[in-house]
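Participant: The structure that follows is given in the form of structure tokens.
The values are calculated or read from the model by the stated rules, or taken from the named source; none is laboratory data. Owing to the predicted nature of the structure, the values given are computational and were not obtained by experimental measurement. Cβ coordinates were reconstructed from backbone atoms using ideal geometry, including for glycine residues, and neighbour counts include every protein chain displayed. Each accessible area value is taken on the protein alone, full model and side chains, heavy atoms only, with ligands, DNA and RNA left out. Shrake-Rupley method; radii C 1.70, N 1.55, O 1.52, S 1.80 Å.
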Amino acid sequence: MNPTVRRILFAVALPIVLLAAWWILSDSSTSVYNPPLRSILTALGTTWFTGANGRSLIIKDVLPSLGRLLFGYLVALVVGVALGIAIGLSRRLRAYTEPVLEFFRAIPPPVMVPVLMLFLGLGTPMRIFVIATGCLWPILLNTIEGVRGIDPVLRDTARAYRLGRIATLRSLILRGASPQIVTGGRQALSIGIILMVVSEMFSARDGLGFTIIQFQRTFSIPEMWSGVIILGVIGVALSLVFRAVADAALGWYRGYQRSQHGGA
């Protein structure tokens, strides 16, 4: 069997088994809180893709949520990498900032949502800021560790060849720290999805998290479960996109690892 086909079959086998088990176990359910899966899937189509008034909730609520997630994530990525490189290259700066970084890292990001609401209000800026601040820490801390982990011999070699600052930053620092930056970016993406939903659950008037809570409060349980499924599908899709981008960016690193392990 083709290796690619085999990997795809392995990846989809467990979700299919879980969905089949859910379908069978819930098929005869009369519970309001645990409706049959067929009712949830019916609600998923009519609620999210058609809409009660012909307006799809995918366009009305999901796309704006994804826009805020993307913007907040990109802000965190740019700020986290820039600060991480600066702190990672300077021992003195690292000594000054380490206590503060450890303090903020210990605070769970959802705890900051009520505090930020006091200063930024209830609108889109608050939600983007919540996502950006939550995503910042894993990117920042991993970037610092990535820069610190660059082989000193490579830095000395760059100095010996008199590479300029821009060339050293691009060819040595960014490239050498990129595996750690990607690790931080992957952790930040999961945190960003959580904060996207949490920030919308508090006091928003639109968005995926707001809509799921509204369905729960009005006892539209199949619609609520369909929103949870939409959220899971978004998480899987974003993870696949991130993996594709990371594989493209770290092609040199994968080849290096294979060579170290005696591969082709």
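Participant: What number goes with the only condition from (1) in a helix (DSSP H, G or I); (2) open to solvent by 70 Å² or more (accessible area, probe 1.4 Å) that residue 12 does not pass?
Facilitator: All conditions pass for residue 12, except number (2).
Participant: Within segment 60-77, identify whether any single residue is of a type outside the set (Ser, Thr, Tyr) and over 30 Å from residue 182 (Cα atoms), and answer yes or no.
Facilitator: Applying the first criterion (of a type outside the set (Ser, Thr, Tyr)) to segment 60-77 yields 60-64, 66-72, 74-77.
When the remaining residues are screened for being over 30 Å from residue 182 (Cα atoms), the result is 60.
Checked against the condition, which is being of a type outside the set (Ser, Thr, Tyr) and over 30 Å from residue 182 (Cα atoms), segment 60-77 yields at least one hit.
Participant: Just wondering, is there one or more residues in segment 188-203 that are at pLDDT 90 or above and closer than 20 Å to residue 15 by Cα?
Facilitator: yes
Participant: Follow-up. Name the pairs: first residue in segment 166-185 and among the charged types (D, E, K, R), second residue modelled with pLDDT under 90 and in a helix (DSSP H, G or I), Cβ to Cβ under 8 Å, at least 6 apart or on different chains?
Facilitator: So the pair list comes out as 175/252.
Participant: May I pose another question? Confirm whether residue 33 is part of a loop (DSSP other than H, G, I, E, B), among the hydroxyl-bearing types (Ser, Thr, Tyr) and in contact (Cβ under 8 Å) with a residue 12 or more places away in the chain. Steps first, answer last, please.
Facilitator: Values: part of a loop (DSSP other than H, G, I, E, B): yes; among the hydroxyl-bearing types (Ser, Thr, Tyr): yes; in contact (Cβ under 8 Å) with a residue 12 or more places away in the chain: yes.
Yes.
Participant: Where residues in segment 223-238 are without any contact (Cβ under 8 Å) to a residue 24 or more places away in the chain and under 15 Å from the mean Cα position of the chain (by Cα), which of them is farthest from residue 58 (Cα to Cα)?
Facilitator: Within segment 223-238, the first condition is being without any contact (Cβ under 8 Å) to a residue 24 or more places away in the chain, and the residues that meet it are 224, 228, 232-233, 236-237.
Now narrow it down to the ones that are under 15 Å from the mean Cα position of the chain (by Cα): 232-233, 236-237.
On the way: 232: 14, 233: 13, 236: 16, 237: 15 Å.
Here the answer is 236.
Participant: Counting only residues that are in contact (Cβ under 8 Å) with a residue 60 or more places away in the chain and of a type in the set (A, V, I, L, M, F, W, C), which one in segment 239-264 is nearest to residue 186 (Cα to Cα)?
Facilitator: Applying the filter and picking the extreme gives 246.
Participant: Within segment 39-52, is there a residue that is touching an Asp or Glu at 6+ places or on another chain (Cβ under 7 Å), open to solvent by less than 80 Å² (accessible area, probe 1.4 Å) and assigned to a loop (DSSP other than H, G, I, E, B)?
Facilitator: Filtering segment 39-52 for residues touching an Asp or Glu at 6+ places or on another chain (Cβ under 7 Å) gives 43, 47.
In the following step, the residues that additionally are open to solvent by less than 80 Å² (accessible area, probe 1.4 Å) were identified as 43, 47.
Checking the rest, the ones that are also assigned to a loop (DSSP other than H, G, I, E, B) come to none.
No, segment 39-52 has no match at all.
Participant: I want to confirm something. Restricting to segment 210-264 and keeping residues that are small (Gly, Ala, Ser) and touching a Phe, Trp or Tyr at 6+ places or on another chain (Cβ under 8 Å), which single residue is surrounded by the fewest Cβ atoms within 10 Å (Cβ to Cβ)?
Facilitator: Let us first name the residues in segment 210-264 that are small (Gly, Ala, Ser), namely 220, 226-227, 232, 235, 237, 239, 244, 246, 248-249, 251, 255, 259, 262-264.
If we keep only those that are touching a Phe, Trp or Tyr at 6+ places or on another chain (Cβ under 8 Å) too, we end up with 226-227.
Working: 226: 24, 227: 28.
Looking at the filtered set, the residue picked out is 226.
Participant: With the requirement that a residue be open to solvent by less than 90 Å² (accessible area, probe 1.4 Å) and either aromatic (Phe, Trp, Tyr) or touching a Pro at 6+ places or on another chain (Cβ under 6 Å) (or both), what does segment 17-32 give you?
Facilitator: 22, 26, 27, 29
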